[in-house]
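Visitor: This is the structure, below, for whatever I ask next.
Values quoted throughout were computed directly from the atomic coordinates according to the rules given, and no laboratory measurement underlies them. Please read all numbers here as calculations on a predicted model, not as lab measurements. Cβ: placed from backbone, ideal geometry, glycine included. Neighbour counts: every protein chain shown.
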Amino acid sequence: MKQSLAASFCKLLFGGIIFGFLSGCSVFDPSEEIPSYLRITSISLNATGNQGSSTSDITDAWIFMDGKLLGAFELPCNVPILAEGTHVFVIRGGVKMNGLSSTRAIYPSWKGWEGSLILTRGQQTIISPSVTYFSGIDFANTWMLDFDLQGTSLVPEASSSGTVVLDTIPNSFEGPYSGLIKLNNTDTTFFIGANSVGYLMPPTIDTWIEFNYKSNCAFTVGIEETLNTSHRIPWLEVEPNSNWRKIYVRLTDALTQAANDGVNPSGTPYKIYIAAQNPSTQSQSYIYLDNIKLLK
């Protein structure tokens with residue numbers, strides 16, 4: 001799978017990228033300063049078959065024209081381009097890697113929208129493209145959990161006092177159920193749970209986990225060895241959010257660290273774990289989860 005392309009960027013600076021790039025192209029006429037405009041209102045995800053939910057939080061458009069990167073732009077965007085006529089565009093969906101506005105990335109599991117567009121100087125070309133998953137992603141042999149079937153593959157570990165239950169509409173995010181972890185400061189103070197089976201996730205393959213959540217407490221996402229759960233690597237602390245939010249967590253560097261620490265780095269299966277502690281400042285905590293997908 002293609003490696004993710006991550007960058008920090010400021011949308012106020014994108015004009016320099018566009019104009020600097022096109023100043024050396026044959027389509028640029030120095031005597032004509034009127035740009036064409038490409039307006040992208042939004043980018044959606046079209047998941048099909050066994051690919052799970054189509055919910056997404058695509059915050060950025062990474063725009064390629066005639067095979068060259070024009071730049072990354074926060075959506076919605078209205079991009080000036082010093083070119084006209086028909087050009088071939090690839091528009092890839094970008095996300096906030098690990099939920100951080102300071103790190104923007106092309107989501108490597110999505111194939112970009114591709115098509116020819118006609119640019120006219122002084123006018124807008126408006127599109128709302130959709131992206132799809134790459135056809136080579138194996139959805140049948142990875143962790144996917146939408147909580148809509150009886151039972152759950154997010155299994156509390158022996159040390160956990162908290163459990164996972166299924167909660168229904170109106171609290172569920174999509175479908176009849178979402179997962180709910182409830183904690184308090186008396187008998188369910190702590191939760192740690194992981195997927196029920198481990199997966200081979202070599203650090204040479206870019207690996208992400210995505211999910212929808214809302215919570216009133218922070219929680220940790222990390223990896224642990226399947227046969228040695230004491231070897232855990234906490235990777236990201238997810239901040240509370242009172243509204244449902246989609247987050248994309250890049251696990252590749254955590255897997256690199258695990259491979260460097262492990263005794264059998266090429267053949268060790270890992271699980272994804274979620275852990276939370278009820279804060280002493282509040283009597284009860286909740287974490288809702290939905291649409292978990294491990295993608296590599």
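Visitor: Under 5 Å between amide H atoms, partner at least 5 residues away or on a different chain: which partners does ALA105 have, H built in plane at 1.01 Å?
Guide: Under 5 Å from the amide H of ALA105 lie the amide H atoms of ALA7, VAL95, MET97, each far enough along the sequence or on another chain.
Visitor: Could you point to the residue in THR132, ALA47, LEU119 farthest towards the positive end of the chain's charge dipole, with +1 and -1 charges on the Cβ of Lys/Arg and Asp/Glu respectively?
Guide: The residue sitting farthest along the positive end of the dipole is LEU119.
Visitor: Related question: Using only the alpha-carbon atoms of the chain, report the extent along each of the three principal axes, biggest first, to the nearest angstrom.
Guide: 74, 45, 37
Visitor: Mind jotting down a quarter of the surface of the convex hull over the alpha carbons of region 157-296, in square nanometres, one decimal? Display every interim value, and only then the final one.
Guide: On the way: hull surface 33.7 nm².
Taking the Cα atoms of region 157-296, their convex hull projects to 8.4 nm² on average.
Visitor: Counting only residues 5 or more places away or on other chains, whose amide H sits under 5 Å from the amide H of PHE173 once H atoms are built in the peptide plane?
Guide: SER178
Visitor: Output the relative contact order of the chain, whole-number percent, from Cα pairs under 8 angstrom with separation of 6+ residues.
Guide: Values: 704 pairs, mean separation 56.0, N = 296.
Relative contact order of the chain: 19 percent.
Visitor: Return a single number: how many Lys pairs in the chain, at a sequence separation of 8 or more or on separate chains, have alpha-carbon atoms below 15 angstrom apart.
Guide: Lysine pairs, 8 or more places apart or on different chains, close enough: 10.
Visitor: Also, I was wondering about something else. Can you find, among PRO176, VAL155, MET144, the residue farthest towards the positive end of the dipole of region 86-198? Put +1 on the C-beta of Lys and Arg, -1 on that of Asp and Glu.
Guide: In region 86-198, that residue is MET144.
Visitor: With axes computed from alpha carbons, what is the tilt in degrees of helix 252-261 against the longest principal axis of the chain, rounded to the nearest 10 within 0 to 90?
Guide: So the helix axis and the longest Cα principal axis differ by about 50 degrees.
Visitor: Based on DSSP H runs of at least 4 residues, each adding -39500 (n - 2.57), what is the mean residue ellipticity at 222 nm of the chain after dividing by all its residues, to the nearest 500 deg cm²/dmol? Don't skip to the answer; put the middle values down first.
Guide: Details: 2 runs with 19 residues, N = 296.
Helices in the chain give a 222 nm mean residue ellipticity of -2000 deg cm²/dmol.
Visitor: Along Cα→Cβ, 7 Å out, is where each label goes; now give me the distance between the ones at THR86 and ALA140 in nm to one decimal.
Guide: 4.0
Visitor: Enter the Cα centre distance for the pair region 123-192 and region 221-278, rounded to the nearest angstrom.
Guide: So the two Cα centres are separated by 16 Å.
Visitor: Still on this structure, I have one more. Placing +1 at every Lys and Arg Cβ and -1 at every Asp and Glu Cβ, with all other atoms neutral, what dipole size does region 82-217 have around its Cα centre, in debye to the nearest 20? All intermediate terms of the calculation are to be shown ahead of the outcome.
Guide: Working: 7 positive and 11 negative charges, 100 e Å.
Dipole about the Cα centre, nearest 20: 480 debye.
Visitor: Treating the beta-carbon of each Lys and Arg as +1 and of each Asp and Glu as -1, no other charges, what is the dipole magnitude of region 143-278 about its Cα centre, to the nearest 20 debye?
Guide: Numbers: 7 positive and 14 negative charges, 24 e Å.
With Lys and Arg at +1 and Asp and Glu at -1, about 120 debye.
Visitor: Another question about this same structure. Please name which of GLY85, SER109, LEU69 has its Cα lying farthest along the dipole of region 55-130 towards the positive end, using unit charges on Cβ (Lys, Arg +1; Asp, Glu -1) and the Cα centre as origin.
Guide: It is SER109.
Visitor: Using the Karplus curve 6.51 cos²θ - 1.76 cosθ + 1.60 with θ = phi - 60°, what ³J(HN,Hα) values do you get for each residue of region 44-58, in whole Hz, with x for Gly and Pro?
Guide: 10, 10, 10, 8, 10, x, 8, 8, x, 5, 8, 5, 7, 9, 8
Visitor: Under a point-charge model restricted to the Cβ atoms of Lys and Arg (+1) and Asp and Glu (-1), what is the dipole moment magnitude of the chain relative to its Cα centre, in debye to the nearest 20?
Guide: Numbers: 18 positive and 25 negative charges, 28 e Å.
Rounded to the nearest 20 debye, it is 140 debye.
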